[in-house]
Ligand code: G3H
């Protein structure tokens, strides 16, 4: 069956500083991942002429895709990271310190909690519907390069995981998830399952 490969973007500069949201470029480690991913994808999809690469509209996914040559690339706003609203650019520590009620409310119900002027996981799940419909219609493999919250929701859909688990799926960076419950790490070639 045509694989759908899901991966987070390479580490961004904001990831290094523990800041959520933003639109920064990649760290050095992120650039290295982008190259490894390109090697992996080019080898794995060598004979798949109709394959495509889907990213969000944020720099960190577009830059992660950039070393991949030979496949069309499509940007989807629906693949952008959960919008953290007024908390965009903050660290979790800063949110805890400056907006303790928000921090607690999210901890209590991470699935439904909506950032002020931002989104909840349920909002993200809803906006992914057209992406899922389009993914299901594809006859060729797709590599989706996106963000943690979005990939948790996409992975849960393909792996049949319950809604309430979505915000907690451990979605490690530097791994590729394949629908059919497999995760392939381009760096090592090993196959694992997210917890
Ligand atoms: O900035 C967004 C994070 O990737 C989502 O993680 O929902 O566990 O806070 P979180």
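Using just its DSSP H runs of length 4 or more, each adding -39500 (n - 2.57), the chain gives a mean residue ellipticity at 222 nm of -10500 deg cm²/dmol after division by all residues. Taking 146, 47, 120 in turn, the Gaussian network model of the chain (Cα-Cα springs below 10 Å) assigns the largest fluctuation to 47.
With neighbour counts taken as other beta-carbon atoms within 10 Å, the residues 40, 158 rank, fewest first, as 158, 40. The GNM of the chain, with springs linking C-alpha atoms under 10 angstrom apart, assigns the highest mean-square fluctuation among 114, 172, 139 to 139. Would you mind computing, in nm to one decimal, how far apart the modelled labels at residue 97 and residue 49 are, each placed 7 Å from Cα along Cα→Cβ? Result for the modelled spin labels: 5.8 nm.
Comparing 63, 132, 53 in a Gaussian network model of the chain, where Cα atoms under 10 Å apart are tied by springs, the biggest mean-square fluctuation is seen for 132.
Each peptide among 28-34, 72-78 gets the average number of other Cβ atoms lying within 10 Å of its residues, and from highest to lowest they stand as 28-34, 72-78. Here 163, 151 are placed in order of increasing Cβ neighbour count within 10 Å, fewest first, which gives 163, 151. Counting only alpha carbon atoms, the long axis of helix 28-44 and the longest principal axis of the chain meet at about 40°. Compared with the dominant principal axis of the Cα atoms in the chain, helix 148-159 is inclined by about 60°.
Read-outs: derived from the displayed coordinates by stated rules, not from any lab. Since the model is a prediction, treat every value here as computed from it, not as a measurement. Cβ: placed from backbone, ideal geometry, glycine included. Neighbour counts: every protein chain shown.
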